[in-house]
Amino acid sequence: MPVRRLDPILVDRIAAGEVVERPASAVKELVENAVDAGATSIEIAIEAGGRRLIRIVDDGAGMTPEDLELAVERHATSKLPDGDLSSINTLGFRGEALPSIGAVSRLAITTRTADAEMGSSIVVEAGVKGPVRPASAPKGTRIEVTDLFAATPARLKFLKSDRSEAQAVAEIVKRLAIAHPTIRFTFAGEHITPFTYPPEPASEHGFLRRLSRVLGGDFNENAMAIGVEREGVRLSGFASLPTFHRGTSAGIHFTVNGRPVRDKLLLGAVRGAYADVMASDRHPVLALMIDLDPRNVDVNVHPAKTEVRFRDPNFVRGFVVAALKEAITRFGFRSSSTVGARTLESLRPQGAPPARPVSVAHRAPSIRHSSAFAGWQAPLDNAYRPSGLAESQASLPDLAAPSADSRATLSEHDSSVEETPLGAARAQIHGTYIVAQTQDGIVIVDQHAAHERLVYERLKRERTTSGISRQLLLIPEVVDLDPVDSDRVMAEAASLEKLGLVLESFGPGALLVREVPSALAGGRIKALVQDVADALAEWGQGASSPLEERLDAVLSRMSCHGSVRAGRRMKPEEMNALLREMEVTPMSGQCNHGRPTYVELKLADIERLFGRR
């Protein structure tokens, strides 16, 4: 079969497949053009998920008739004045967006510059370019894309429902709105709730206000400010507290020199920074801007410009991880406001079933000297029992059958301690939760989760300074494991010894434990070794993650076995000592698995709970 040249229109349609995958791709390209044109207000409207209509209206610089005619030609752009591909200062520069869109749809552009008396317009239909005509138009550019992919019907088959496509467009607009908070964004269309983000001042406060509009009002109360600069790279923005998280990574937003990106390197840096304080299946919410010399980043590695390549990727990753960890350490004692809100919600009686007659055998204990409770009866089922405060091993008992374990251990009153952040311990309930009183509310602490974090931070400090102190077992303990796990653990024996765990092989599938970290003395040794084996299996030998992260993962598993267990009765002085240590320990607001270690309830919230406000 002979080689032949393809028709230019067919070439454009093939090229369009790289740039315009779906309506959201077209919207991204067109909005980025508006941003590069200096627009201060951008309006986006779609119909049928963008398949039937995409309309972008901006108040940017506009184009002259000569520029308009060239703009719809392939490889024509105004964003490379000197032709230097190594220094890109705009969002788009490939020169393919408009001709690619015009090749698979009907593209109409109307534009006018500020000093022109008359605007101009052009229509490109299925790759066929029409003439430039005079048109009445305000300053800026108006672009309408109709019947997207009409010229390539096969592409239509791969589009999702109109609702799904509309949501994808909305997500693109939100990411661009985060990257450019000083621009007004308005979005409307079918199958989607319209929204408008007013322009914000070019300041940290303005950026946070834009983030609160896009990411939700709760983000403002649970955000950590980040602003660091090193070796010409600046990182700024806000990241959520570890206890404020989502089930997907959709809430992670990065911009590089104003360009929204979804880069694997940056997403990996976020996971590494939050590894100690968040469960592996949860993700933080953040919006960070990276600004650096354009010559140190290649933005031309992906047709849709969603990924970038840094000249020194290891430095950028380490820089992001260090900045996030520093912020987590600085704000680590705080717990997210949503934790207290969820607690109040779980306590508030909603949809309570009406009281029904009960037998004498199941009648609740009477409350004397109060006629108001004369007709009250406790519900028998568990549907109306408060939930959310206790774990499975310490669930709240049925109100109709109180247990002896529900009695609180009271401590002596010391009003001066209430001025501390976590207040003075007043009681221990269910052998698991410490109730402390502060100046303006109460704090409920999960003693096991809190002490687990304290032990973990102590082990990390010892590892990086003098080395983890060890305690020799009077009688070495034999631990049986799966032969594969046993071999894996012994392969890392040298590293484990640095962590305070001294092991020897004791036959096929058996290990002999001779020394353990002093902080874990008295713990369950067999469970400790099994957890270490699980941690090594999870990370794998020769894993690509840094050695420090792998060692921290093992320490995190180990620290659980040296913590105050749920169910242990504590003396008042022990409870207060735990609270004081939490106040000075980094990241004590959450345990190693990302769960909150304490819940704070303000007195005003409690009063509203009981109808006193």
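The values are calculated or read from the model by the stated rules, or taken from the named source; none is laboratory data. Quick caveat: nothing in here was measured; it's all calculated off a predicted structure. Heads up, the Cβs are rebuilt from the backbone with ideal geometry, glycines too, and the neighbour counts pull from every protein chain shown.
Of the residues examined, residue 212 is one that is surrounded by 14 or more Cβ atoms within 10 Å (Cβ to Cβ), farther than 21 Å from residue 53 by Cα and free of Cβ contacts under 8 Å to residues at least 24 places away in the same chain. Of all the residues in the range 99-123, those that are crowded, with 21+ Cβ neighbours inside 10 Å and either among the polar types (S, T, N, Q) or in contact with a strand residue (DSSP E or B) (Cβ under 7 Å, 6 or more places away or on another chain) (or both) number 12. Taken over the range 278-299, residues that are of a type in the set (Gly, Ala, Ser) and surrounded by 19 or more Cβ atoms within 10 Å (Cβ to Cβ) amount to 1. Looking across the range 110-136, the residues that are in a loop (DSSP other than H, G, I, E, B) and in contact (Cβ under 8 Å) with a residue 40 or more places away in the chain come down to 113, 114, 116, 126, 127, 132. Tallying residues that are part of a helix (DSSP H, G or I) and within 35 Å of the chain's Cα centre (by Cα) within the range 143-171 yields 12. Six or more apart or on different chains, Cβ under 6 Å: which pairs go from a residue in the range 261-283 that's in contact (Cβ under 8 Å) with a residue 40 or more places away in the chain to one that's crowded, with 22+ Cβ neighbours inside 10 Å and among the aromatic types (Phe, Trp, Tyr)? Could you list them? Sorted first by the residue in the range 261-283, then by its partner, the pairs are 261/254; 266/254. I'd like the full set of residues that are in a loop (DSSP other than H, G, I, E, B), under 24 Å from the mean Cα position of the chain (by Cα) and buried (at least 16 other Cβ atoms within 10 Å of the Cβ), limited to the range 180-194. Hits for the range 180-194 are 180, 181, 192.
Yes/no per residue for (1) of a type in the set (D, E, K, R); (2) surrounded by fewer than 19 Cβ atoms within 10 Å (Cβ to Cβ); (3) in contact with a Cys (Cβ under 9 Å, 6 or more places away or on another chain):
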| site | (1), (2), (3) |
| --- | --- |
| 140 | no, no, no |
| 158 | no, yes, no |
| 174 | yes, no, no |
| 178 | no, no, no |
| 196 | no, yes, no |
| 202 | no, yes, no |
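Look at (1) modelled with pLDDT of 80 or more; (2) more than 25 Å from residue 183 (Cα to Cα); (3) outside any loop (DSSP other than H, G, I, E, B) and you find that residue 15 fails only one, number (1). I'd like the residue in the range 45-73 that is in contact (Cβ under 8 Å) with a residue 24 or more places away in the chain and assigned to a helix (DSSP H, G or I) and, out of all such residues, is surrounded by the fewest Cβ atoms within 10 Å (Cβ to Cβ). Checked the range 45-73; the qualifying residue surrounded by the fewest Cβ atoms within 10 Å (Cβ to Cβ) is 69.
Pairs meeting the criteria (first residue in the range 433-453 and not assigned by TED's automatic domain parsing to the domain that holds residue 559, second residue among the charged types (D, E, K, R), beta carbons under 9 Å, at least 6 apart or on different chains) are lacking. Selection of first residues in the range 97-109 that are at pLDDT below 85 and of second residues that are of a type in the set (S, T, N, Q), restricted to Cβ pairs under 7 Å at least 6 apart or on distinct chains, gives the following pairs, ordered by first then second residue: 97/33. Each residue in the range 226-277 was checked for being over 29 Å from residue 31 (Cα atoms), in contact with a strand residue (DSSP E or B) (Cβ under 6 Å, 6 or more places away or on another chain) and crowded, with 19+ Cβ neighbours inside 10 Å, and 5 of them qualify. If the condition is being surrounded by 15 or more Cβ atoms within 10 Å (Cβ to Cβ), out of contact with any strand residue (DSSP E or B) (no Cβ under 6 Å at 6 or more places or on another chain) and modelled with pLDDT of 75 or more, then the range 518-552 contributes 519, 520, 528, 530, 531, 532, 533, 535, 536, 552.
Scanning the range 229-258 for residues that are modelled with pLDDT under 90 and in a strand (DSSP E or B) yields a total of 2. Can you find a residue in the range 188-199 that is in contact (Cβ under 8 Å) with a residue 40 or more places away in the chain, among the β-branched types (Val, Ile, Thr) and over 16 Å from residue 53 (Cα atoms)? No, the range 188-199 has no match at all.
Residues in the range 273-295 that are at pLDDT 90 or above, closer than 15 Å to residue 232 by Cβ and not aliphatic (A, V, I, L, M): 2 in all.
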